[in-house]
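Notes follow once the structure below has been shown.
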Amino acid sequence: MPLNQHREYNKQVIKQKLKWPLAIALGIALIGAAYYGKSYFLQSKQSIPVNPSDKRTKGVIAAVATPATQQDVPVYLTGLGTVTGLQTVTIRSRIDGELVKIYFKEGQMVRAGTLLAHIDARAFKVQVLQAEGQLKRDIALLKNAQTDFTRYKTLLQQDSISAQQTATQESLVKQYQGTVAVDQAVLDNAKLQLSYTQITAPISGRLGLRLIDQGNIIHANDATALVVITQTQPINVIFTIPEDALPAVMQQRQLNKQLKVEAYDRSGNKKLTQGYLTAIDNQIDINTGTVKLKSQFDNKDGVLFSNQFVNVKMLINILNSVITVPAAAIQNGVSGSFVYVVKDDQTVTVRNVKLGAVNGEQVVIETGLTADELVIVDGVDKLRDGTQVKLINRDVPSSNPLEFQKDQTQTRPIKQL
């Protein structure tokens with residue numbers, strides 16, 4: 001057999017041998033693809049979210065409602081405040097001398113009259129002794145002059161001395177009286193300077209950091225103080241409110257009502273202490289349109305610190321038996337504020353309302369609602385006047401397989417087992 005024919009014969013044999021295995025493998029691949037395709041289709045069908053408008057929930061919108069409540073609502077004014085000491089005193093020396101002793105500790109609470117420091121008093125004691133000696137000397141001269149003046153008056157009556165000599169002696173007595181008065185003032189001043197060597201606290205409060213150390217020579221005109229005392233019990237908080245709120249505050253002040261003031265931390269969540277309003281500034285800041293108010297707190301527990309930032313809430317009124325709804329129920333439109341009210345047939349109607357004061361998450365409704373009427377607070381995006389709703393509870397899971405779950409990202413009905 002020629003070589004070319006032999007090669008062609010081998011190719012045909014190989015094709016015959018591979019024909020059936022390839023057909024079998026292709027068939028298996030097609031069967032597997034069909035199987036997995038069906039599984040994927042069934043799985044994806046189960047995971048497709050249910051549209052609220054399908055035949056089971058067609059025309060029904062899931063929503064959360066809450067009843068309007070009737071209650072007493074406090075009305076607060078809020079502002080930003082800064083804690084300031086009731087009194088702040090900078091302690092400086094009133095004389096020159098060496099600071100020989102310091103009796104206080106930094107940050108210590110002291111009472112008025114507590115000894116804080118001592119200045120070298122030896123030079124001032126010497127001045128006191130000198131003034132006392134001068135005073136005693138001049139008192140003796142005064143007494144001698146007074147004795148001579150008494151004798152001269154007797155001799156004048158006996159016509160034994162001239163009237164001019166008596167008058168001269170009288171003037172000498174008055175001169176010594178003036179000298180004694182001056183000496184007494186010098187002595188008092190020396191004693192006063194000596195008392196300045198004992199530095200005491202003029203007020204009760206908390207001491208700051210020591211600014212001058214023991215052993216330094218201090219002067220009355222030094223720019224650096226020894227220490228600063230701040231009275232923190234009681235303590236003040238200065239805060240601001242908008243000028244539009246000032247008439248309401250002034251009205252309460254004219255009625256002699258003591259307005260309560262609450263201080264909160266920087267986050268506004270933790271209440272620190274409670275006090276009362278003490279003063280209102282006499283002018284409005286034209287740059288910010290606000291007015292400063294001062295309040296006072298006992299601060300017995302020391303929660304307020306000088307220059308601390310706080311949030312302030314001041315109670316100016318209490319509204320009795322008013323209708324309130326959550327702020328989430330309030331919607332705004334062209335005609336003003338409105339809410340969706342749920343009727344007995346589970347449909348909603350648009351109700352225009354007039355808003356009042358706001359207390360946290362609750363809003364006062366002055367007109368438009370009555371107590372216990374249901375208003376929609378969640379799920380209002382697709383609502384229209386007359387829409388039928390399915391009320392759900394966000395806090396309690398439902399056993400109804402057709403009711404929507406709380407998580408709006410999973411709108412698939414709960415599968416029954």
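The numbers here are math on the coordinates, done by the rules we state, and not lab data. Since we're looking at a predicted model, the values are computed, not measured. Quick reminder, even Gly has a Cβ in these numbers, built from the backbone with ideal geometry, and neighbours come from all protein chains shown.
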Simple spin-label model, 7 Å along Cα-to-Cβ: Val334 to Thr150 in nm? 11.3 nm
When only Cα pairs under 8 Å and 6 or more residues apart are kept, what is the percent relative contact order across the range 96-227? 47 percent
Near Lys153, which aspartates and glutamates are there with a Cα under 13 Å away, not counting those fewer than 8 places off in the same chain? Glu170
How do Ser93, Ser295, Ser204, Ser162 rank when sorted from fewest to most other Cβ atoms within 10 Å of their own Cβ? Ser162, Ser204, Ser93, Ser295
So which of Lys105/Lys300; Lys257/Lys292; Lys260/Lys300; Lys125/Lys174 end up more than 26 Å apart, counting from Cα to Cα? Lys125/Lys174
Based on other C-beta atoms within 10 Å, arrange Phe149, Phe309 from fewest to most. Phe309, Phe149
Could you tell me the extents of the range 96-227's C-alpha atoms along the three principal axes, largest first, rounded to whole Å? 79, 26, 21
Least to most buried among Met109, Met250, by other C-beta atoms within 10 Å and fewest first, runs Met250, Met109
